[in-house]
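Okay, so here's the structure we're looking at.
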Amino acid sequence: MKNINYHDSLYAPFGGFLLNEDSFSAVQLKKRHSSVVYCPKHEEREPGSMYPRAIVLNHNGENNGKILATFECYTYKTPVFPIYESNDNARSWKFIGRVEDKEKGFGCRYQPHLYEMPCDSGKVKEGTILCAGNIIPNDFSSTSLRLYKSNDYGKSWEYMSEIVDGGRADVDMKSKEKRPVWEPFLITDKNGVLYCFYSDEQYMDSENYNQALLHKKSTDGGYTWSKAIVDVAFSDGQLRPGMPVVAKIAKDKYIMVYEMVNQDRVPVYFRISDSLDDWGEIDFIGNPVIAANGSYISGTPYVTWVPYGGEEGTIFISGRGFSHIVANSCNGKGFWEEMDELLPVDNHYGFSGYSQCIIPISEKKKLLNLCPINMSSDKAMISAVVADMYERI
């Protein structure tokens, strides 16, 4: 197995850059229409809503093409992950259900992630909708990444399992309290094994990892989970790789993107691997996501792939800062190209643009971008924009 390293991606072995003579992106985006998924009421808790996630159904027969979305919904009540659907390519949205913590009553508070099972796995059938998220009580005394499933396209939900539990929901803790877990992301391999990638702060005492990226896997669709495997970690006690997102790309490879907190301006890095189980040396910093003019995405990344732009297709990465979406049609080699801004993100507000989501829709001919946009100085709404994708000639 071979993992792409710096020399394959951007930097030459003895200095300088490896530049590709072709365009860094062979695909252009053209904004078509936008909509509002959710707008918080005035009396709701700050910052209103963040961390949107969406899927388009591809394994549900006559429901294929339906888009489901969820997000963090801030409230003074017990929080839930609301489920919205769109049947018109994100022109309009309708609330259809909610993921609730009925087991402990703590609340579905942070970092939801939706996933449609592409095949049978154990008793979990193809087309089942999964939702993983961080279950946290109102006093923030614990964290728990839990998995739920829906067999009616997101209308009702059933608890399946706890993937991993953690301590107090506090960042970069200095006390001796049990430390937290964050940010689940689900994907399956070609054999139908379900993987959950996540961030974990619980290795500080044993390995001096301020935060590490790990994965667990399940062979029964998410009811039971394997031991955790560390994918990315640094023993300096400072660097905090976080927010892992994984996508399958060309040539049966996978890309993982993650932010690097405690580096200047929180840059985004990526790794490419042949296997979801092996991402190379855990203390390899990764390949930088950077444009030829030096601009780069700053934190909260998301990645997706489309089969356009040549034999290797095109990888899109979203995040905060600059144009908010960059693209590369060379399987990650060379620089990334800034796309035209699809949604106006005001970086003066910490919640605006926080952890966007990008997915192909409409038989992968269009790109959907969900993003928290500031509606006031203290609240964000969830906006959606759809762009056509054009291949350059």
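A few notes on this one:
- Some residue of the stretch 367-375 being over 19 Å from the mean Cα position of the chain (by Cα) and hydrophobic (A, V, I, L, M, F, W, C): yes
- Among the residues of the stretch 122-163, those identified as charged (D, E, K, R), within 30 Å of GLY61 (Cβ to Cβ) and assigned to a strand (DSSP E or B) are ARG146, LYS149, GLU158.
- Residue within the stretch 219-229 that is in contact (Cβ under 8 Å) with a residue 24 or more places away in the chain and closer than 24 Å to ILE285 by Cα present: yes
- From the list VAL257, VAL245, the one residue that fits, being touching a residue at least 60 places away in the same chain (Cβ under 8 Å), surrounded by 23 or more Cβ atoms within 10 Å (Cβ to Cβ) and under 30 Å from LYS123 (Cβ atoms), is VAL245.
- The set of residues in the stretch 32-52 being among the hydrophobic types (A, V, I, L, M, F, W, C) and in a loop (DSSP other than H, G, I, E, B) consists of CYS39 alone.
- Condition check for LEU57: more than 24 Å from PRO360 (Cβ to Cβ) and either surrounded by 15 or more Cβ atoms within 10 Å (Cβ to Cβ) or under 17 Å from the mean Cα position of the chain (by Cα) (or both): no
- If you check ILE282, ILE290, ILE317, ILE297 for being in contact with a Lys or Arg (Cβ under 8 Å, 6 or more places away or on another chain) and either over 29 Å from ASN191 (Cβ atoms) or among the β-branched types (Val, Ile, Thr) (or both), only one passes: ILE297.
- Cβ-Cβ contacts under 8 Å between residues 6 or more apart (or on different chains), taken from a first residue in the stretch 53-71 that is closer than 20 Å to ALA384 by Cα to a second residue that is in a helix (DSSP H, G or I) and not aliphatic (A, V, I, L, M), are listed as LEU57/ASN63.
- Members of the stretch 122-155 that are in contact with a strand residue (DSSP E or B) (Cβ under 6 Å, 6 or more places away or on another chain), surrounded by 16 or more Cβ atoms within 10 Å (Cβ to Cβ) and not aliphatic (A, V, I, L, M): THR128, CYS131, GLY133, ASN134, THR143, SER144, ARG146, TYR148, LYS149, SER150, GLY154
- Between SER34, SER49, the distinction of being under 18 Å from the mean Cα position of the chain (by Cα) and either surrounded by 15 or more Cβ atoms within 10 Å (Cβ to Cβ) or at pLDDT 95 or above (or both) belongs to SER49 only.
- ILE249 vs. criteria over 22 Å from ILE358 (Cβ atoms) and aliphatic (A, V, I, L, M): no
- Matching residues, the stretch 376-393, being crowded, with 20+ Cβ neighbours inside 10 Å, over 18 Å from the mean Cα position of the chain (by Cα), of a type outside the set (Gly, Ala, Ser) and within 21 Å of PRO112 (Cα to Cα): LYS379
- Selected residue [over 20 Å from PRO244 (Cα atoms), free of Cβ contacts under 8 Å to residues at least 60 places away in the same chain and basic (Lys, Arg)] from ARG98, ARG146: ARG98
- The set of residues from the stretch 346-368 being in a loop (DSSP other than H, G, I, E, B), surrounded by 23 or more Cβ atoms within 10 Å (Cβ to Cβ) and touching a residue at least 60 places away in the same chain (Cβ under 8 Å) comprises SER355, GLN356.
- Residue in the stretch 295-306 that is closer than 25 Å to ILE129 by Cβ and in contact with a helix residue (DSSP H, G or I) (Cβ under 9 Å, 6 or more places away or on another chain) present: yes
The values are calculated or read from the model by the stated rules, or taken from the named source; none is laboratory data. These numbers were taken from a predicted model, which means no experiment stands behind them. No Cβ is skipped: glycine too gets one built from the backbone with ideal geometry, and neighbour counts run over all protein chains shown.
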